[in-house]
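The structure under discussion appears below in the form of structure tokens.
Read-outs: derived from the displayed coordinates by stated rules, not from any lab. Since we're looking at a predicted model, the values are computed, not measured. Methodologically, a virtual Cβ is constructed for each residue, glycine included, from the backbone with ideal geometry; neighbour enumeration extends over all protein chains shown.
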Ligand code: ADP
Ligand code: MG
């Protein structure tokens, strides 16, 4: 394949991926229904989820892989803006294709694009709006906008205060660790019934014996990662040949089981989470001592419980010490929705909180979870960076105008690439227009005219073009946009540099199998 062919394939597949996502952009973006090879259905509007489900197909062409990585990086570090980043990259590729056909060299296009991206960041930083950390209205607007077009949108009014409160609760100086927030899904009820709980909610199995308590105040909690069974913990297999030996073994089991529980009682433990199994005799002793014990707790839940309650995960129960024990004001199994879940309230670590997500079906809940996870990330960005931009395409139109002026002052062919970049950024307002059923070009022209006349925050608010999107509450964190611009520029520059696709095996002259 000639370098030109490779470029053509990469550009056209990059554009095709962007075209696929464009109709999902913005509050009126449509959903995609994805059906995988097992017939599982996902209905989503989330760019990352759509690309994730296309993973296999994307592998074939380098551009697909690079755009997938672009979306993934945006999703991992920011949590929002994945569609914007991919749509922008697609448009930058389309404009690059025009320049290539006019004979502009790919390296000139890349360097012009990078100059443009640098200028765009400067412009965006200059027009960003500061956010005071106590400005609840603005932060809730950020949360609400990040839910645009998602399954949670209708309930975004009810969810955004929960998200802002969650971020504020876990804030520690300027550190915000989203691991402190557990997202728990419970079917039953509607999305607006979702609530924030100080503490942890865990979907565990029931207690090992039904006569164990299910309501424990002043809980002292042990998190154990091994078997709580003296026979299981012996290495190797235990074979009894002589019936007389059986008595000895049972004796041992009885004494060792009592010793395990005595050690726990000595430290005042009244709740036990065990990652493995709990032996019958241990179970009985635990119940006799009114200890709530749950087995087969997942490693992830054990980790969360330990983090929330200050417990240390115990690997050898014989050596359990006082500071291994965690604490919480209350441990209770209670009905939430249709299931009985375990609630740990008033934890030693006050930053441990849970967002209980409610919804009619698993599908709905999965989409709610994705959307809330994104929103938490976005509000964290806005809170930490403390700067937002006017949304609804307003900042994109601003960038586009600023870059046109900038291009005029640049000599050489890079000027063409900067102009192309300025046009490409217009794809965001154009797509927003298209997705609300407006004429894309007319809308863009109208917005440019308004902004050129001094209404620098003119953009879309829902379906309408308004003079000031900020007063309409359409704002998004500066970092979402800057990350999109930098990521899309880098991805496109890499794609333009590819002039050959080689199978790694072809590079292996010995024919030996490549190491993976
Ligand atoms: P992404 O994955 O890029 O976040 P979205 O589908 O969430 O994609 O769309 C984000 C775009 O939609 C942003 O440009 C944002 O400003 C715009 N947007 C979100 N909510 C609104 C709204 N209510 N009115 C106008 N534009 C909005
Ligand atoms: Mg979004």
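Can you give me the Kirkwood hydrodynamic radius for the range 71-171, using every pair of distinct Cα atoms, in Å to one decimal? Numbers along the way, then the final one.
Values: mean 1/r = 0.0600 Å⁻¹.
16.7 Å is the Kirkwood radius here.
Across the alpha-carbon atoms of the range 217-352, the computed radius of gyration and Dmax are 16.1, 56 angstrom.
Test of understanding: ordering 246, 403 by Cβ neighbours within 10 Å, fewest first, what list do you get? Don't skip to the answer; put the middle values down first.
Values: 246 11, 403 24.
Lowest count first: 246, 403.
Entry for the range 232-304 at q = 0.11, 0.24 Å⁻¹: log10 I(q)/I(0) = -0.34, -1.12, Debye formula applied to identical alpha-carbon scatterers, no solvent contribution. In a fully extended conformation the segment linking residue 289 and residue 2 would gain 95.6 nm over its present Cα-Cα distance, using 0.36 nm per residue.
Please state, as a whole number in µm²/s, the translational diffusion coefficient that the Stokes-Einstein equation yields for the range 368-446 at 4 °C and 1.567 mPa s, with Rh defined as the Kirkwood radius across alpha carbon pairs.
Working: Rh = 14.7 Å.
Here the translational diffusion coefficient equals 88 µm²/s.
The long axis of helix 414-425 is offset from the longest Cα principal axis of the chain by roughly 60 degrees. How large is Rg over Rh for the range 59-107, taking Rg from the Cα atoms and Rh as the Kirkwood inverse mean of 1/r across Cα pairs? When Rh is taken as the Kirkwood radius, the ratio is 1.08. Counting every pair of alpha carbons in the chain, the share spaced more than 36 Å apart comes to 46 percent. Projected onto its three principal axes, the C-alpha set of the range 125-181 covers 33, 32, 17 Å, listed from the longest axis down. When only C-alpha pairs under 8 Å and at least 6 residues apart count, what is the relative contact order of the range 18-135, in percent? Once normalised by length, the contact order is 20 percent.
Taking 0.36 nm per residue of separation and subtracting the Cα-Cα distance, full extension of the segment from residue 340 to residue 439 would add 30.5 nm. Of 297, 136, 248, the sequence from fewest to most neighbouring Cβ atoms within 10 angstrom is 248, 136, 297. Size descriptors for the range 1-141: radius of gyration and Dmax over Cα atoms are 17.8, 58 Å. The ranking of 123, 105 by Cβ neighbour count inside 10 Å, starting from the fewest, reads 105, 123. With q set to 0.17, 0.28 Å⁻¹, the log10 of I(q)/I(0) for the range 446-505, from the Debye formula over equal scatterers at the Cα positions, is -0.74, -1.05. Kirkwood hydrodynamic radius of the range 98-249, from the reciprocal of the average inverse Cα-Cα distance over all distinct pairs: 23.0 Å. Legend: calculated FRET efficiency, residue 174 to residue 108, from the Cβ-Cβ distance at R0 = 45 Å, rounded to 0.05, equals 0.65.
Quick one: length gained pulling residue 405 to residue 464 fully straight, 0.36 nm per residue minus the C-alpha distance? Don't jump to the answer; show the numbers that get you there.
Details: separation 59, 0.36 × 59 = 21.24 nm, distance 2.74 nm.
The span from residue 405 to residue 464 would gain 18.5 nm if fully extended.
Using alpha-carbon pairs under 8 Å, 6+ residues apart, how would you state the relative contact order of the range 285-397 in percent?
Numbers: 79 pairs, mean separation 17.2, N = 113.
Once normalised by length, the contact order is 15 percent.
A viscosity of 0.890 mPa s and a temperature of 25 °C, combined with the Kirkwood radius over Cα pairs in Stokes-Einstein, give a translational diffusion coefficient for the range 140-218 of 162 µm²/s.
What is the ratio of the Cα radius of gyration of the range 354-508 to 2.2 N^0.38 Å, with N the residue count, to two decimals? Kindly include the intermediate steps, with their values, before the conclusion.
Details: Rg = 19.6 Å, N = 155, 2.2 N^0.38 = 15.0 Å.
Computed over Cα atoms of the range 354-508, the ratio equals 1.31.
May I ask for the Kirkwood hydrodynamic radius of the range 309-418, worked out over all distinct Cα pairs and given in angstroms to one decimal? Walk me through the numbers before you get to the answer.
Values: mean 1/r = 0.0500 Å⁻¹.
The Cα-based Kirkwood calculation yields 20.0 Å.
Based on C-alpha pairs under 8 angstrom that are at least 6 apart in sequence, the chain has a relative contact order of 25 percent.
What fraction of the DSSP beta bridges in the chain is antiparallel, stated in percent and rounded to the nearest 5?
Details: 37 of 54 bridges.
So the antiparallel bridges amount to about 70 percent of the total.
Suppose only helical runs count, i.e. DSSP H with n ≥ 4. What mean residue ellipticity at 222 nm does that imply for the chain under -39500 (n - 2.57) per run, divided by all residues and rounded to the nearest 500 deg cm²/dmol?
Working: 17 runs with 251 residues, N = 516.
Calculated at 222 nm, the ellipticity per residue is -16000 deg cm²/dmol.
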